[in-house]
Amino acid sequence: MKLSDFDFHLPEALIATRPAHPRSSARLLVAEGTAITDAHVYDLPDWLRPGDRLVLNDTKVIPARLSGLRHRSGAQGDTAARIEATLLEPRADGCWLALLKPLKKIRVGEEIVFSGDLSATLEAVEDGQAHLRFNLTGGDFDAALAEAGAMPLPPYIAAKRAADEQDKTDYQTVWARNLGAVAAPTASLHFDEPLLRRLAEIGVGFTYVTLHVGAGTFLPVKADDVTTHRMHAEWGQVSETAAAEIAATKAAGGRVIPVGTTALRLIETAARETGAIAPWEGETDIFIYPGFRFRVTDALMTNFHLPKSTLLMLVSALMGQQTIRRIYDHAVAGGYRFFSYGDASLLIPEPGGDAH
């Protein structure tokens with residue numbers, strides 16, 4: 001299985017830099033087996049049925065981009081350097097792993113001041129990643145970060161424009177509650193309260209799970225033989241309640257439909273040991289590519305993904321590579337908007353099909 005098998009031409013004009021407003025007005029490509037229908041996210045109640053269950057990732061994105069100053073006194077007097085930090089994840093020792101730019105402008109032991117309330121000391125550098133110890137912890141840290149930080153927009157958006165205050169709303173789901181992600185579960189960004197109410201009214205259930213999406217989600221695949229690629233690990237949890245709700249849906253003949261690849265990867269991780277959904281907590285590095293056997297997932301709602309990405313491999317595993325190629329050809333020709341702030345797809349594979 002070669003990396004080139006998952007390549008396609010994407011016109012740059014189709015990369016969305018702002019989401020649709022209202023959220024549910026985004027377009028929705030519905031692929032049911034080999035049939036493709038053009039719709040909108042607000043049409044979801046037409047495609048879901050009573051007894052179906054949406055699995056939603058309730059992680060909350062932290063404003064992980066920080067800009068600060070490093071001050072230094074020396075023979076040349078007082079100098080300052082601008083340091084940009086992107087927080088990656090907290091460490092067990094209380095430090096945060098972070099990317100610093102420019103890393104060469106700061107030494108171990110020096111302080112970066114991000115605001116009147118928030119600063120951090122560089123304790124170590126390992127594999128190009130900084131270990132930052134902040135002056136605040138707990139709720140005080142969260143409050144200061146919310147004030148000083150900006151949303152960590154994906155590289156392909158950040159290259160076109162800087163994050164702003166609107167992104168603090170746009171790049172967060174309406175049900176976000178567990179702080180810890182440095183990237184949003186973007187398929188979930190299409191839901192608003194009116195749509196959730198309409199789905200509940202027709203008998204669709206909702207189950208919440210948590211997967212803290214890491215910056216590694218944007219790392220490119222470099223291996224030509226994709227089966228040798230190693231995924232980054234991300235922390236997740238499927239509670240006893242969530243596992244019971246999903247199991248009950250399966251037993252009653254309803255469909256389990258994760259919203260987003262993060263929710264899908266998590267519930268499939270939780271089913272790996274026994275073949276059925278079970279409570280689970282830990283770090284998952286599950287890599288889903290064609291040939292994978294899905295234990296829990298019956299369909300998937302997701303955005304349109306980067307060429308040669310692990311997420312494109314995941315949807316190819318669910319629907320089949322040729323079917324995904326037709327879906328993406330249709331999306332490009334039809335002017336669908338791609339990536340994090342783009343449009344959505346509802347992928348419903350043939351029951352018992354080869355891809356499943």
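So if I check each of 86, 173, which one is modelled with pLDDT of 95 or more and within 30 Å of residue 337 (Cβ to Cβ)?
Selected residue: 173, the only one of 86, 173 that is modelled with pLDDT of 95 or more and within 30 Å of residue 337 (Cβ to Cβ).
Condition first: β-branched (Val, Ile, Thr) and either open to solvent by 50 Å² or more (accessible area, probe 1.4 Å) or within 14 Å of the chain's Cα centre (by Cα) (or both). Now tell me which residues in segment 200-236 satisfy that.
202, 209, 210, 213, 217, 227, 228
Please go through segment 170-195 and give me each residue that is within 20 Å of residue 346 (Cα to Cα), among the hydrophobic types (A, V, I, L, M, F, W, C), touching a helix residue (DSSP H, G or I) at 6+ places or on another chain (Cβ under 7 Å) and assigned to a loop (DSSP other than H, G, I, E, B), ordered by number.
Once the filter is applied, which keeps residues that are within 20 Å of residue 346 (Cα to Cα), among the hydrophobic types (A, V, I, L, M, F, W, C), touching a helix residue (DSSP H, G or I) at 6+ places or on another chain (Cβ under 7 Å) and assigned to a loop (DSSP other than H, G, I, E, B), segment 170-195 yields 174, 191.
Quick one: count up the residues across segment 45-66 that are on the phi < 0 side of the Ramachandran plot and open to solvent by less than 60 Å² (accessible area, probe 1.4 Å).
So the count comes out to 15.
With the checklist (1) assigned to a helix (DSSP H, G or I); (2) open to solvent by 10 Å² or more (accessible area, probe 1.4 Å) in hand, flag the one item residue 243 doesn't pass.
(2)
Against the conditions (1) assigned to a loop (DSSP other than H, G, I, E, B); (2) surrounded by 14 or more Cβ atoms within 10 Å (Cβ to Cβ), where does residue 116 fall short? Just the number, please.
Answer for residue 116: the failing condition is (2).
Which residue out of 133, 197 is more than 20 Å from the chain's Cα centre (by Cα), among the charged types (D, E, K, R) and surrounded by 14 or more Cβ atoms within 10 Å (Cβ to Cβ)?
133
Among the numbered conditions (1) over 30 Å from residue 337 (Cβ atoms); (2) in contact with a Lys or Arg (Cβ under 7 Å, 6 or more places away or on another chain), tell me where residue 132 comes up short.
Every condition holds for residue 132 apart from (2).
For segment 1-44, name all the residues that are open to solvent by 20 Å² or more (accessible area, probe 1.4 Å) and among the aromatic types (Phe, Trp, Tyr).
If the condition is that a residue be open to solvent by 20 Å² or more (accessible area, probe 1.4 Å) and among the aromatic types (Phe, Trp, Tyr), then 8, 42 are the ones that fit.
Provide a single number: the residues in segment 205-252 that are aliphatic (A, V, I, L, M) and more than 28 Å from residue 313 (Cβ to Cβ).
The qualifying residues number 4.
Identify, by number, the condition in (1) under 18 Å from the mean Cα position of the chain (by Cα); (2) open to solvent by 40 Å² or more (accessible area, probe 1.4 Å); (3) modelled with pLDDT of 95 or more that residue 343 doesn't meet.
It fails just one condition, (2).
Please state which one of 88, 69 is in a strand (DSSP E or B), surrounded by 15 or more Cβ atoms within 10 Å (Cβ to Cβ) and of a type outside the set (S, T, N, Q).
The unique qualifying residue is 88.
Against the condition more than 24 Å from the chain's Cα centre (by Cα) and closer than 30 Å to residue 243 by Cα, how does residue 49 come out, does it pass?
Considered against the rule, which asks whether it is more than 24 Å from the chain's Cα centre (by Cα) and closer than 30 Å to residue 243 by Cα, residue 49 comes out as yes.
Run down 269, 302, 274 and say which single residue is surrounded by 17 or more Cβ atoms within 10 Å (Cβ to Cβ) and either assigned to a strand (DSSP E or B) or modelled with pLDDT under 95 (or both).
After applying the criteria, what remains is 302.
Restricting attention to segment 89-113, report how many residues are β-branched (Val, Ile, Thr) and in contact with a Phe, Trp or Tyr (Cβ under 6 Å, 6 or more places away or on another chain).
0
The values are calculated or read from the model by the stated rules, or taken from the named source; none is laboratory data. From a predicted model like this one, the values you see are computed outputs, not experimental measurements. Positions of Cβ are generated from backbone atoms using ideal geometry, with glycine treated the same way; all protein chains shown enter the neighbour counts. Heavy atoms of the whole protein, side chains included, go into the accessibility calculation; ligands, DNA and RNA do not. Shrake-Rupley method; radii C 1.70, N 1.55, O 1.52, S 1.80 Å.
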